[in-house]
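Have a look at the structure below, then the notes.
Every number here is computed from the coordinates shown, using simple stated rules; none is lab data. Predicted model only: the values in this text are computed from it and were never measured. Cβ placement follows ideal geometry from the backbone for every residue including glycine, while neighbour counts extend to all protein chains displayed.
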Amino acid sequence: MATCIDSAAFTPAEGPRRQGKAKRLLFVIGQLGYGGSEKQMVLLAGRLKADYEVEVLCTSTSLEPFGAALLQVGVPVHKPDADGRLARLVWLFSRLKVTRCDVLLLYSLRSELALLIAALNRAKIVVNERSGLPRSVPYRLASHLLFRKCSRIVVNSEATRRSLVSRYPFACGKVVTVFNGIEPSEGPGVEPPASGACIFSLVAGFRPWKGHAFLIDAVEELAKRGLDFSVLLVGDGPTRVEVEGDVARRGLERFVVFTGWQVDPALYLRRAHVNLNLSSHESLPNAVMEGMALGLPSIVTRVGGNPELVEDGVHGKVVDYGNIRQLADAMAFMIHNREIAMEYGHRARERMLTDFSVERMVERTRELIDEL
């Protein structure tokens, strides 16, 4: 789940355009709904328009919500007219036959589909591998062939790079790390009060690996300690009913608030004092970065790119996934030490604006394209 994109994010940085005839970039993405990969792609495509000819093919019949942002800045976006797998495949291949490009960038596609697209195109191919999810055997086989075919594989964390190279050693020389970018227009959040209830936020879809059950165990522990706090669970998904039932059975309703799916989760991040990410696996979560950009300290699990964002004792706390006592103690620390939590948040915001700006992400992508 990702926040809306501010139109100011598409303002190109000052500097000369690339010399000579503009190169043509074609982004192919599975859908333009809310999501971290989708948001990063849209930010890139909108900014790269200043230096290249850019087009986007979306294999979904809907362009909501991010397609509108691209169209507003003059990036052509194409989608199939009819739904259904066969209809979309026919449309996609017909578009690829008439759309020429120098560099083809693939985002959020099934590996089998991405492999077919790559096989039909002679352009330089860049595959974006941003997921920390474990994959099935057929998916890994298709990925193996895709990585053989492509020119570069872009990952957004060193943890994902290490994981990918360990599974596909032959691809080592193709892997490039380009960290996600955060929009500088996002302002500071609410500073933790000196007293009163401490509000924690978890922005995540309700999936088994997102750590909701793990969090409810810690909430029960903190309730037994008599601490004053509440937790905002922002999102929706298949395990929400199960988690709501667990909260009710334990009598924890006054500590846990279910906000449901939100168009702009940042509205709830601004009400919180501490941001949480408790997944069992991640790549480089936007939800953590957006909380840090708002000046919130974080409590995250020691998985994927989380420790690359949050240094334990500097920007927040890092805990082992599933360790209830560690999580409860980290949350209690934030409740009892408001001034330290505030310092964590200030350092977190500075880190995002310095090391994870959108312009830094865009410039690294420009370098990659120019290399190709």
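Figures for the structure shown
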quantity: Using θ = phi - 60° and Karplus 6.51 cos²θ - 1.76 cosθ + 1.60, couplings along the stretch 90-101 (whole Hz; Gly, Pro as x); calculated: 4, 4, 4, 5, 5, 5, 5, 5, 9, 10, 8, 8
quantity: Under 19 Å from the Cα of LYS97 - aspartates and glutamates, other chains or at least 8 residues apart; calculated: GLU53, GLU55, ASP81, GLU112
quantity: Range in the chain, longest, excluding exposed GluC sites (Glu not before Pro) [loop by DSSP; at most 16 other beta-carbon atoms within 10 Å]; calculated: 15-252
quantity: Principal-axis tilt of helix 212-224 within the chain, Cα atoms, nearest 10 degrees; calculated: 20 degrees
quantity: Angle in degrees between helix 338-355 and the longest Cα principal axis of the chain, rounded to the nearest 10; calculated: 10 degrees
quantity: Size of charge dipole - the stretch 198-354 - debye, nearest 20, with Cβ of Lys, Arg +1 and Asp, Glu -1, no other charges; calculated: 180 debye
quantity: 3J(HN,Hα) from dihedral phi, the stretch 102-111, Karplus parametrisation 6.51/-1.76/1.60, rounded to Hz, x for glycine, proline; calculated: 8, 10, 10, 10, 9, 10, 6, 10, 4, 4
quantity: Reference-scaled alpha-carbon Rg (2.2 N^0.38 Å with N residues) for the chain; calculated: 1.02
quantity: Å³ per residue enclosed by the Cα convex hull of the stretch 198-354; calculated: 94 Å³
quantity: Calculated from backbone phi, Karplus (6.51, -1.76, 1.60) coupling profile of the stretch 320-334 in Hz, x at Gly/Pro; calculated: 7, 4, x, 8, 4, 5, 4, 5, 4, 5, 5, 5, 5, 4, 5
quantity: Helix 137-149 axis, angle to the chain major axis (alpha carbon atoms, nearest 10°); calculated: 50 degrees
quantity: Restraint check, LYS174/LYS317; LYS23/LYS174; LYS39/LYS210, Cα-Cα greater than 23 Å; calculated: LYS174/LYS317
quantity: Proxy reagent accessibility, fewest Cβ within 10 Å first, across VAL28, VAL77; calculated: VAL77, VAL28
quantity: Sites matching trypsin sites (Lys or Arg not before Pro) across the stretch 57-151 that sit in DSSP coil, with at most 13 neighbouring C-beta atoms within 10 Å; calculated: ARG100, ARG110, ARG122, ARG135
quantity: Contact order relative to length of the stretch 209-343, as percent, for alpha carbon pairs under 8 angstrom and 6 or more apart; calculated: 26 percent
quantity: Straight-distance crosslink candidates among aspartates and glutamates, where the alpha carbon sits under 18 Å from LYS224 and sequence neighbours closer than 8 are dropped; calculated: ASP246, GLU253, ASP329
quantity: Order of SER94, SER283, SER230 under a 10 Å beta carbon neighbour criterion, fewest first; calculated: SER94, SER230, SER283
